[in-house]
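Q: Structure provided below as C-alpha cells; questions to follow.
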Amino acid sequence: MNYHQKPCVYVKNLELKINDMEKSLDFYESVIGFQVLEREGKRAVLTADGQTPLLTLVEPEGVSPKEPNRTGLYHFALLLPQRSDLADFLKSLIENNIRIGASDHHVSEAIYLQDPDDNGIEVYTDREDSGWVWKDKEIHMTTERLNARDLLQAGTEKGWSGLPADTIMGHIHLHVADLERAERFYCEGLGFDVVTSYGEQALFISSGGYHHHIGLNVWNGRGIPAASPNSIGLAHYTIVYPGDQEREEAVLRLKGLGFDVKKFDGIYAVNDPSGLNIRLSSK
C-alpha cells in the first residue's frame, strides 16, 4: 500500500530557515541530490522529480543561529523508492567522507545526517509492510545498528546520481514541549493515530496503518519554548488530507479544541501547542 496518498493523511513538504543560501544549496544539491525547482533571491524550492516541491529553503533577513533547547525540527525524512537507491546513496556519502549515522528500525533502514545549519535529515527505505509486526495496535520498531555491508551489496553499477524522481517526504520528527498536549492536538484534532509510544519520551503517529508519518519527542526538554521567529530551523510544514471534507472536519475539531485556525490562499494554517506552524492542504 502507498501510505502517502489517498485515503491517508501525510506530510508533503516543509520550509526551513537557513543561514547561507549558497552554502545550503551546495549541500542539498551535491550531497542530498535535490534539483532546484524555483529560485528567487533568498528563497529556493527543491524537488526530486522536477515538478513537486519537497523542501523550501529561506534565508530570512537578520537570521539568527539555531537555538538550543527549543521546540522544532528533529529531522525530516526522505523516503527513497528502492533499497538499491539507499545503497547507492550510502556509497556516495562514504566516498565523499560525509559524517553520518545509520539505523535499522525493523520497518525501515535509515541513514541520518545534518545540513550545514544542523537541521536533521533522514534518508530511508521501507521494508515490505507484510513483514511489519503489530501488537495491540502498536507497531514494533527498533533502533539497531544498520548492516551497512549488506545494504551496500544492493547497490547498482550506475551508482548515485541524485534523488530518484519517486522520492517523497516520508515523515517528519519534531521536538515538542508536552507530549500529552501534542497527542491531543495531533490525534484528536488532526486525526492521526498513535502507533508507538515510548513512555513519557516519544510518540509516533500515523494514518492508514503506516509506521509513522510524524514523530513527537521531548528529548530537548519538557516545557521548552518555541524558537525565535528568525532563528534557523523549521518555518512550517504541510499536511495533506484526502479531500476538502476531511480537511474541513479536521479544522472543526481543532477549533473545538480551542486552536486558532487561519485561512489564506485556500490553505489553512495552525500552530500546534509547541508553537510549530502547520499548513493543512487537500491537494
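The values are calculated or read from the model by the stated rules, or taken from the named source; none is laboratory data. Everything numeric in this text was worked out from a predicted model, so none of it was measured. Note that each Cβ is placed from the backbone with ideal geometry, even for glycine, and that neighbours are counted across all protein chains shown.
Q: Taking the condition part of a helix (DSSP H, G or I) and either among the charged types (D, E, K, R) or out of contact with any helix residue (DSSP H, G or I) (no Cβ under 7 Å at 6 or more places or on another chain) (or both), does Lys283 pass?
A: no
Residue-by-condition table, conditions (1) buried (at least 22 other Cβ atoms within 10 Å of the Cβ); (2) under 28 Å from Gln35 (Cβ atoms); (3) in contact with a Leu (Cβ under 8 Å, 6 or more places away or on another chain):
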position: Ala148; (1), (2), (3): no, yes, yes
position: Val176; (1), (2), (3): yes, no, yes
position: Arg181; (1), (2), (3): no, no, no
position: Gly189; (1), (2), (3): yes, no, yes
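Q: So how many residues does region 1-51 have that are of a type in the set (A, V, I, L, M, F, W, C), at pLDDT 95 or above and over 25 Å from Lys66 (Cα atoms)?
A: 4
Q: Additional query: State all residues of region 245-273 that are assigned to a strand (DSSP E or B) and touching a Phe, Trp or Tyr at 6+ places or on another chain (Cβ under 9 Å); if no residue qualifies, say none.
A: Lys262, Val270, Asn271
Q: Phe27 versus (1) closer than 12 Å to Gly233 by Cβ; (2) surrounded by 15 or more Cβ atoms within 10 Å (Cβ to Cβ): which is the lone unmet condition?
A: Status for Phe27: all satisfied but (1).
Q: How many of the residues making up region 1-57 are within 26 Å of Trp132 (Cβ to Cβ) and either free of Cβ contacts under 8 Å to residues at least 24 places away in the same chain or assigned to a strand (DSSP E or B) (or both)?
A: Total satisfying the criteria: 8.
Q: When only residues in region 59-97 that are of a type in the set (Gly, Ala, Ser) and in a strand (DSSP E or B) count, which is surrounded by the fewest Cβ atoms within 10 Å (Cβ to Cβ)?
A: Step by step, filter region 59-97, then rank; the result is Ser64.
To keep it simple, each residue is scored yes or no on (1) of a type in the set (Asp, Glu); (2) touching a strand residue (DSSP E or B) at 6+ places or on another chain (Cβ under 6 Å); (3) part of a loop (DSSP other than H, G, I, E, B); (4) over 25 Å from Trp219 (Cβ atoms).
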{"site": "Val123", "(1), (2), (3), (4)": "no, yes, no, no"}
{"site": "Asp150", "(1), (2), (3), (4)": "yes, no, no, yes"}
{"site": "Glu157", "(1), (2), (3), (4)": "yes, no, yes, yes"}
{"site": "Gly170", "(1), (2), (3), (4)": "no, yes, no, no"}
{"site": "Glu180", "(1), (2), (3), (4)": "yes, no, no, no"}
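Q: Restricting attention to region 129-172, report how many residues are charged (D, E, K, R), under 21 Å from the mean Cα position of the chain (by Cα) and farther than 29 Å from Pro53 by Cβ.
A: 2
Q: On to the next question. If you check Gly199, Gly221, Gly256, Gly266, which single one turns out to be within 23 Å of Thr142 (Cα to Cα), more than 19 Å from the chain's Cα centre (by Cα) and free of Cβ contacts under 8 Å to residues at least 12 places away in the same chain?
A: Matching residue, one of Gly199, Gly221, Gly256, Gly266: Gly199.
Q: If you don't mind, another one. Taking the criterion of being touching a Cys at 6+ places or on another chain (Cβ under 9 Å), closer than 29 Å to Gly131 by Cα and surrounded by 17 or more Cβ atoms within 10 Å (Cβ to Cβ), would at least one residue in region 210-219 satisfy it?
A: Among the residues of region 210-219, at least one is touching a Cys at 6+ places or on another chain (Cβ under 9 Å), closer than 29 Å to Gly131 by Cα and surrounded by 17 or more Cβ atoms within 10 Å (Cβ to Cβ), which makes the answer yes.
Quick grid of which residues meet (1) in contact with a Lys or Arg (Cβ under 6 Å, 6 or more places away or on another chain); (2) hydrophobic (A, V, I, L, M, F, W, C); (3) farther than 26 Å from Pro7 by Cα:
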{"residue": "Gln201", "(1), (2), (3)": "no, no, yes"}
{"residue": "Tyr210", "(1), (2), (3)": "no, no, no"}
{"residue": "Ile214", "(1), (2), (3)": "no, yes, no"}
{"residue": "Val218", "(1), (2), (3)": "no, yes, yes"}
{"residue": "Glu246", "(1), (2), (3)": "no, no, no"}
{"residue": "Glu249", "(1), (2), (3)": "no, no, no"}
{"residue": "Ala269", "(1), (2), (3)": "yes, yes, no"}
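Q: Given the criterion over 30 Å from Pro68 (Cβ atoms), touching a helix residue (DSSP H, G or I) at 6+ places or on another chain (Cβ under 8 Å) and small (Gly, Ala, Ser), identify the matching residue among Gly159, Gly131.
A: Gly159
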